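The values are calculated or read from the model by the stated rules, or taken from the named source; none is laboratory data. Because the structure is a prediction, the values reported are computed rather than measured. Note that each Cβ is placed from the backbone with ideal geometry, even for glycine, and that neighbours are counted across all protein chains shown. Please note that ligands, DNA and RNA were not included when accessible areas were found on the heavy atoms of the full protein model with its side chains. Shrake-Rupley method; radii C 1.70, N 1.55, O 1.52, S 1.80 Å.
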Amino acid sequence: MNSIEEAQEMIIKLQIQLRDVSMNYWTEHVFNTWQWWFNIAALLLPVILWWKLVDKRKLMEIIVYGFMVSAFAIYFDTIGETSVLWEYPYLIIPLDYILIDVDYAIMPVLYMLAYQYFPTWKGYTAANIALSASYAFLAEPLFVKLGLYEMYGWKFIYSFPIYVVIAILCKWLTLYFIEKQTAMED
């Protein structure tokens with residue numbers, strides 16, 4: 001057996017061990033706790049609110065924007081969690097690395113509402129700076145206090161520019177794709 005095969009075998013063994021420990025932790029300490037139910041509510045309630053408020057005439061555009069926000073949030077969350085910069089002790093589903101309610105609901109919904117209600121770059125940028133500050137300096141500390149988020153060397157200030165960049169990049173990409181589609185239709 002060469003060194004690559006030995007390394008791969010060691011990784012598989014560690015992944016199996018991590019899977020087993022994670023499943024046991026989730027079933028014994030997470031499932032059906034108040035934190036688990038809080039995360040379920042935080043997943044469902046923003047989506048219900050969004051559906052009531054979304055401009056259904058621009059539904060496809062807003063959803064595309066929201067999916068991009070979600071994709072970037074998941075990407076950064078996966079990097080942070082697997083790099084042991086932070087941890088979510090109460091996940092909705094076992095064997096996951098992201099806080100589903102934040103990455104799939106809270107963050108995309110609030111950004112989609114900002115995208116909808118602040119169509120100019122100036123208003124949108126100001127709204128998203130306020131949202132990003134709220135996420136980094138209000139929501140994250142609250143989640144730490146509730147025991148839903150643990151940080152290992154990560155600081156709230158590091159999150160702020162990431163939130164801003166996600167918002168700006170997703171709006172730019174959405175408008176870019178709309179422009180390209182419109183140009184092809186003409």
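Out of Ile48, Ile11, report the one residue that is open to solvent by 80 Å² or more (accessible area, probe 1.4 Å) and under 18 Å from the mean Cα position of the chain (by Cα).
Ile48
If Met1 satisfies every condition in (1) of a type outside the set (S, T, N, Q); (2) outside any helix (DSSP H, G or I); (3) under 25 Å from Gly147 (Cα atoms) but one, which is the exception?
Of everything listed in (1) of a type outside the set (S, T, N, Q); (2) outside any helix (DSSP H, G or I); (3) under 25 Å from Gly147 (Cα atoms), Met1 misses just condition (3).
So in the range 14-45, with the set limited to residues that are in a helix (DSSP H, G or I) and of a type in the set (Ser, Thr, Tyr), which one is most open to solvent (accessible area, probe 1.4 Å)?
Here the residue is Tyr25.
Gly153 fails exactly one of the following numbered conditions: (1) touching a Phe, Trp or Tyr at 6+ places or on another chain (Cβ under 8 Å); (2) farther than 19 Å from Leu44 by Cα; (3) not in a helix (DSSP H, G or I). What is the number of that condition?
Condition not satisfied by Gly153: (1).
State which residue pairs qualify: first residue closer than 27 Å to Trp50 by Cβ and inside the range 80-101, second residue polar (S, T, N, Q) and in a loop (DSSP other than H, G, I, E, B) in any location, beta carbons under 7 Å apart, and separation of 6 or more residues or different chains.
Listed pairs, sorted by first residue: Tyr90/Thr33.
Output the residue which, of all residues in the range 144-157 that are touching a residue at least 12 places away in the same chain (Cβ under 8 Å) and hydrophobic (A, V, I, L, M, F, W, C), is most open to solvent (accessible area, probe 1.4 Å).
Looking at residues that are touching a residue at least 12 places away in the same chain (Cβ under 8 Å) and hydrophobic (A, V, I, L, M, F, W, C), I get Ile157.
May I ask you to say which residue of Phe160, Phe177, Phe76, Phe137 is in a helix (DSSP H, G or I), open to solvent by 40 Å² or more (accessible area, probe 1.4 Å), out of contact with any strand residue (DSSP E or B) (no Cβ under 6 Å at 6 or more places or on another chain) and free of Cβ contacts under 8 Å to residues at least 24 places away in the same chain?
Every option except Phe137 fails the conditions.
Considering only residues that are open to solvent by less than 40 Å² (accessible area, probe 1.4 Å), touching a helix residue (DSSP H, G or I) at 6+ places or on another chain (Cβ under 8 Å) and of a type in the set (Asp, Glu), which ones fall in the range 79-113?
Scanning the range 79-113 gives Asp101, Asp103.
Restricting the search to the range 79-90, which residues are closer than 16 Å to Trp154 by Cα, aromatic (Phe, Trp, Tyr) and assigned to a loop (DSSP other than H, G, I, E, B)?
Tyr88 - this is the single residue of the range 79-90 that is closer than 16 Å to Trp154 by Cα, aromatic (Phe, Trp, Tyr) and assigned to a loop (DSSP other than H, G, I, E, B).
Is it true that some residue in the range 116-134 is within 13 Å of the chain's Cα centre (by Cα) and surrounded by fewer than 20 Cβ atoms within 10 Å (Cβ to Cβ)?
No, the range 116-134 contains no residue that is within 13 Å of the chain's Cα centre (by Cα) and surrounded by fewer than 20 Cβ atoms within 10 Å (Cβ to Cβ).
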